[in-house]
Every structure is written in structure tokens, then in C-alpha cells.
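See structure below.
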Amino acid sequence: MNQILLNGLVLGVYYALIALSVSVIYTPTRFFHFAHGAVFTSAAYCCLACRSALGLPFWLAALLGVAAAGLLGMGLEFGVYRQLRKSRSNALVMLLASLGLYVVLQNAISLTFGDDTKSLSGQEVAEGIQFLGGKITPIQLWILFGSAASIVLVLALFKFTGFGKTMRAVASDSNLARIQGIKVDSVILAAFALGSVLVGLAAVLHAGDVGVTPTMGLNAMIGGAVAMILGGVGNHFGAVVGGILLGFAQQLVAWEFGNQWQDTTVFLILIVFLVLRPQGLFGTVFKKAAA
Amino acid sequence: MEYLLHIFIIVAIYTILAVSLDLLCGQSGFLSLAQAAFYALGAYTSALLAVRYCISFPAGVLAGMTVAVLISFVVSLPSLRLQDDYFIIATFGFQMILFSVFNNWLELTRGPMGIPGIPQPVIFSWHITSHLDFLILAAAFACFAYFVVYRLTSSPFGRVLHAIREDEVFAKAHGKNTLRFKVTAFAVSAALAASAGSLYASYITYIDPTSFTVMESILIISMVIIGGAGSLWGPLIGAFVLVTLPEALRFVGLPDAIAANVRQIIYGSLLVIMMMFRPRGLVGKYGFNK
């Protein structure tokens, strides 16, 4: 049982990191950036390429992967989303474009690297370390502490710095923020950079743990989006809590019914929440059709 | 010649899917990512009935449509209360759940092993075996779907759907029970998609879950959007373009191994380009930019 809770915690922190990254981008832009999933995959594959082609050590390859994710995220915002916002596209058009981007990027990756699962660690399977009454591998320890540290850092950034304040201003009302002299486009670009770096970090850590496949990003992105909705849209802390709960829920279901029902759990939880509590645990914004 | 007929059969099947989705996203303004799930429901229902119980093709199609309608209520009653992008996420969720069920419920669907040996359709005494026969059948199905959607959208029912698309609160203020209209449209759309599924299963004679992934849903959405949502010609053109364009790649000597990826890259980039430069699609009237 301890082992299951520990696995749940590792998975939960991983989801929390992705949920935070989704939330950082969603709150100022208000559309679901599906290509975020492809950013995730790209980071993992960039890390893989650096490892296998250049023979770099894992930490350096991971760093490059994270940097690539940040650049890709900014590129997408700069090249596509900004143009769409200029022509006053609404959230649905943006979402469709991001679906298209996702499809293109994922297929470009499977063309380049092939469809099979590739392992990234390259070393023999590390022996588990005793930790909190369960066994955990070194990379999982990294996931746990690396993600937790970045989450705390980012939450603090939003809470205490001027940069965080402008981010929150744009998220709550971008027109009002513009009137106050905030450069909304730059803030959104920064949000894309930050969100993509976070999801890149989650990606390389995850890749180090279980390897890479071209379709890994979609599940990650959707898990993050579900966690964000669970926690309450517009509330970064809520997204983190949602992610952790989702991780535990998945592990418990996997233990009870088997691994293959993990994805189903995610979506059942999502639908229950959308129906019963669309504002999420900590959210205040309703996104229901006017009743 | 056989090859050409094959392409047209596939175009006809996708036309059904695109036209049925247009009823939902073009006419009522609700984008659904679950169309491939209903497509799968139709395919699996009629295939299982035919393989296990020797049920005839017409009965199998009806059964598939019935199952799709019943499941569509389960999907639509909760999720159609949600707005735009939340609705998409919810339908995405149902798509993933249904895929997971098809993939993991081994006793019923044999999971990834798929269902082989689906009999070719026999309608009364008409044994459909040649490509030409099949094209006639598929075209008849496509015409039926087209006719249903055309009749619905040019009726008072369709006008309420348009009103919902333009302004749901306004439609409500006029005393329309908008949820009922949306649920009905969703059910009709699901039933038509299911008929395409039965057709596909009996044409290919083998189905497995990989034909019904979320990527398939995105492809169907792309057909509607690229062709032009809200106009009945749009989905037809979209289906034709997105099926034939990748086939053209065969003639420039692209190996099959990468053709699937290239095909998806093409429709993905088309989707992005359309959104940037012509969000209402090739012949559409409605651009999702309310």
C-alpha cells in the first residue's frame, strides 16, 4: 500500500507540473493549446537525440531538451497564435489551429525517429532506493524533487514578483491590462516560454523514467488539462492540487483494476467534474452555458 | 479501375462522417472530437452481430445506429451543458474512454487483435462483393446522410440550431429548450456516423481499434473545417480533398511507410493554414468567429 501511495505521489507531482504549465498558458490566453502536447514530446525527443547522437550526459541533454521546449513554445505563439489573435480569432479557432499544429509536430517526430518506444536512460536498470516505506528509482526521486521545487518556485514567482503580478493582470482582464500600459503580447509570449519550459522539464524527467514514444505528449497534455479543470481554471495552486489528486486516483485505479484503465479514470473524473462542479475545486469562474 | 473505385468508396464513407459532424459543428456550433467513437460503435456493433450471430447487414446497420444513439445520450446530456472549448475537452474524454473500452474489453472486442472475417453485406438478395456494387451502396448511404442533414437544416428544427449557434441565450429567451435541440442533433449525428462505421467494417472486413483513434476524429473535424462548416457542400469537398490529396502522393513515389505520417502532416498544416487565412473554410459560411 505504501508503494502505491508513493507511486501515486510521483505521478501526482508529475501531473501537477504539467497542469501548472497548462494553466500558465491557459489563464492569459483562454484557449486549450493542444500543441502543448507536441512541445512535451519534442523536449523528450530533443533530449533523446542529444543523448544518442551527441553522447551528452543526461543532465545536459535534459537541459537542452527543456530549452528546445521553451523555444518551440515561443515559436508557436509568435508564428501562429499571435497572428490569430491579430485577426480576432476566438478560442475555437485557436484550438483548431493548435490541434493542427499538434498533428503536424507529432507526425514530424514519428517520421524522424520512428513510432517505437525508445529508452533514454541507456544505463542498466537502477536499483530502487528505500524511501518513505516504498522503493523508488533515482530518476523518480528526481521527478519528485525536481518537479516539486519548480512548482514552488513558479507559484512564488506568480505570488511575489512584479512579473507575476503583470501575468495575473493579463489573465484577469487583458484589455484593462493594456490600458495600464502592460504589453500584453510580450506577457503572453513570456507565459508560453514559462509554460513550455515547465512542460519540457516534465517531459525529460518522464522520458528518463519510462522512455519516449511519439504519442506520449497528447496524454500528458490532456492529463494536465484535466488536472487544471479539476483544480479550478485560473488558479495555479488549484491546478497543482488537481494534478496530485489525479496521480493518486490513477495509481489507485491501476492497483484495483489494472493498468489499462488509467486513461479511462482520467476522463471519467473529468466528466464527473465538468458535470457536477465545472468551476473545479478552487475555481470561481463558471464556464457553463448560461442556465 | 479497382483502385479508383476504392478511393471513391473511402470518399463516400468520409463524406457521411463529415456531413454528420457538420450537423453538429457547422449547424449548431458545437465541435465534437468524439465522432470517431460513434464511427467505431457502428462498426463494432454490426461487425460483432454479423460475425457472432449471423445478423444480416441491414439489421446490423440499424442496431449500430441504435447503439450509437443510446450512447450519444450518455455523452450529450452531461456535456452539451458545457460551452465551446469545455465541450470539446469533454467529447475528447469520451473518445478516449470508448477507445480504451474497445482496446481493453478483450472478451467482447478482442482488443488490439481486432475482428477479422466480417462478412460482406447482403441486402435481401443483392450480394455486394465487387467494388462497383460497394460504391453504389456507399453512395446510397452518403446520399441518405446528406439528405437527412439537408432536410433537418432547412426545417424549423434547423433554424433553431442556427439560432443556438449564433446566440444560445437568445434562442432560450425565445422559449426554445435548447438542450433538447442540441441532444437531438447530437443523436442524429451519432447515428449517421455509426452507419458509416457499419459500412466501413463490411467493406474492409476487418476492424481493430487503431482505425478509430482521436486522430481519426481530428481528421473528420479537419474535413468539415477545411471544406467549410455550415454549408453542406463544405464537408463533401473537405472529405474529397483530404482523401484524394494524400493518394496523389503515391504517384510521386512516396513509400508507404511514411505515407501515413505525411498524410497527417498535410491535413494538420492545412488546418493551421485555413485557421490563419480563411477560418470559414473553402466554401463555408460560418467561421466560428462569433
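Tally time: how many residues in the stretch B:75-99 are under 19 Å from the mean Cα position of the chain (by Cα) and not hydrophobic (A, V, I, L, M, F, W, C)?
Result for the stretch B:75-99: 5.
Please state which of the following conditions A:F286 fails to meet, knowing it meets all the rest: (1) part of a loop (DSSP other than H, G, I, E, B); (2) modelled with pLDDT of 85 or more; (3) surrounded by fewer than 21 Cβ atoms within 10 Å (Cβ to Cβ).
Of (1) part of a loop (DSSP other than H, G, I, E, B); (2) modelled with pLDDT of 85 or more; (3) surrounded by fewer than 21 Cβ atoms within 10 Å (Cβ to Cβ), only one is false for A:F286: (2).
Please state which one of B:S198, B:S231, B:S217 is more than 9 Å from chain A (Cβ to nearest Cβ), surrounded by 21 or more Cβ atoms within 10 Å (Cβ to Cβ), more than 23 Å from B:D85 (Cα to Cα) and of a type in the set (S, T, Y). Give the derivation first.
Values: B:S231 fails: more than 23 Å from B:D85 (Cα to Cα); B:S217 fails: more than 23 Å from B:D85 (Cα to Cα).
From the options B:S198, B:S231, B:S217, the qualifying one is B:S198.
Which one is surrounded by the fewest Cβ atoms within 10 Å (Cβ to Cβ) among residues in the stretch B:265-283 that are more than 7 Å from chain A (Cβ to nearest Cβ) and assigned to a loop (DSSP other than H, G, I, E, B)?
Looking at residues that are more than 7 Å from chain A (Cβ to nearest Cβ) and assigned to a loop (DSSP other than H, G, I, E, B), I get B:R278.
From the residues in the stretch A:244-260 that are among the hydrophobic types (A, V, I, L, M, F, W, C) and within 14 Å of chain B (Cβ to nearest Cβ), which one is surrounded by the fewest Cβ atoms within 10 Å (Cβ to Cβ)?
A:F257
For B:L77, which of the numbered conditions (1) without any contact (Cβ under 8 Å) to a residue 12 or more places away in the chain; (2) in contact with a helix residue (DSSP H, G or I) (Cβ under 7 Å, 6 or more places away or on another chain) fails to hold?
That leaves (1) as the condition not met.
I need the full set of residues from the stretch B:179-195 which are crowded, with 21+ Cβ neighbours inside 10 Å and of a type in the set (D, E, K, R), in order please.
Across the stretch B:179-195, the qualifying residue is only B:K182.
Please verify whether A:T117 is within 14 Å of another protein chain (Cβ to nearest Cβ), surrounded by fewer than 22 Cβ atoms within 10 Å (Cβ to Cβ) and not hydrophobic (A, V, I, L, M, F, W, C), treating the condition exactly as stated.
Answer is no for this residue.
How many of the residues making up the stretch A:79-98 are surrounded by 22 or more Cβ atoms within 10 Å (Cβ to Cβ), facing another protein chain (nearest Cβ under 7 Å) and of a type in the set (S, T, N, Q)?
Residues meeting the conditions: 1.
Considering only the stretch A:165-243, give the helices (runs of 4 or more DSSP H) lying wholly within it that have at least 1 residues that are within 14 Å of chain B (Cβ to nearest Cβ).
Working: elements: A:174-179, A:184-210, A:216-231.
Because the criterion is at least 1 residues that are within 14 Å of chain B (Cβ to nearest Cβ), the helices (runs of 4 or more DSSP H) in the stretch A:165-243 that meet it are A:216-231.
Would you point out the residue of the stretch B:25-40, among those that are more than 13 Å from every other protein chain (Cβ to nearest Cβ) and either among the aliphatic types (A, V, I, L, M) or under 19 Å from B:L77 (Cα atoms) (or both), that is surrounded by the fewest Cβ atoms within 10 Å (Cβ to Cβ)?
Start the filter on the stretch B:25-40 by keeping residues that are more than 13 Å from every other protein chain (Cβ to nearest Cβ), which leaves B:27, B:35-36, B:38-40.
With the extra rule that they be either among the aliphatic types (A, V, I, L, M) or under 19 Å from B:L77 (Cα atoms) (or both), the set shrinks to B:27, B:35-36, B:38, B:40.
Details: B:Q27: 25, B:Q35: 30, B:A36: 27, B:F38: 37, B:A40: 30.
Looking at the filtered set, the residue picked out is B:Q27.
Which of the numbered conditions does A:S87 fail, given that it passes all the others? Conditions: (1) small (G, A, S); (2) at pLDDT below 85; (3) under 19 Å from A:H236 (Cβ atoms).
Here A:S87 clears every test but (3).
Across the stretch A:27-47, which residue is surrounded by the fewest Cβ atoms within 10 Å (Cβ to Cβ) among those that are over 13 Å from the mean Cα position of the chain (by Cα) and among the hydrophobic types (A, V, I, L, M, F, W, C)?
A:F31
Those residues that are modelled with pLDDT under 85 and of a type in the set (A, V, I, L, M), I need them from the stretch B:53-63; list them, please.
B:I55
With over 26 Å from A:A91 (Cα atoms) and crowded, with 19+ Cβ neighbours inside 10 Å as the only criterion, which of B:A59, B:A43, B:A90 stands out?
Only one candidate qualifies: B:A43.
Cβ-Cβ distance below 6 Å, separation of 6 or more or different chains: which pairs start in the stretch A:99-111 with a residue that is more than 7 Å from every other protein chain (Cβ to nearest Cβ) and end on one that is crowded, with 24+ Cβ neighbours inside 10 Å and in a helix (DSSP H, G or I)?
Filtered contacts from the stretch A:99-111: A:Y102/A:G37; A:Y102/A:A38; A:L105/A:A38; A:Q106/A:A38; A:I109/A:T41; A:I109/A:Y45.
Is it the case that some residue within the stretch B:240-251 is surrounded by fewer than 20 Cβ atoms within 10 Å (Cβ to Cβ), more than 20 Å from A:V93 (Cβ to Cβ) and facing chain A (nearest Cβ under 9 Å)?
no
B:W126: among the aromatic types (F, W, Y) and either within 14 Å of another protein chain (Cβ to nearest Cβ) or touching a Gly at 6+ places or on another chain (Cβ under 6 Å) (or both), yes or no?
It is false that B:W126 is among the aromatic types (F, W, Y) and either within 14 Å of another protein chain (Cβ to nearest Cβ) or touching a Gly at 6+ places or on another chain (Cβ under 6 Å) (or both).
Quick one: in the stretch B:68-87, of everything that is within 13 Å of chain A (Cβ to nearest Cβ) and aromatic (F, W, Y), which residue is farthest from B:A194 (Cα to Cα)?
As a first pass, look at the stretch B:68-87 and keep what is within 13 Å of chain A (Cβ to nearest Cβ): B:74-87.
From what's left, aromatic (F, W, Y): B:86-87.
Values: B:Y86: 24, B:F87: 21 Å.
The qualifying residue farthest from B:A194 (Cα to Cα) is B:Y86.
The values are calculated or read from the model by the stated rules, or taken from the named source; none is laboratory data. All of these numbers come straight from a predicted model, not from anything done at the bench. So basically every Cβ, Gly included, is an ideal-geometry build from the backbone, and we count neighbours across all protein chains shown.
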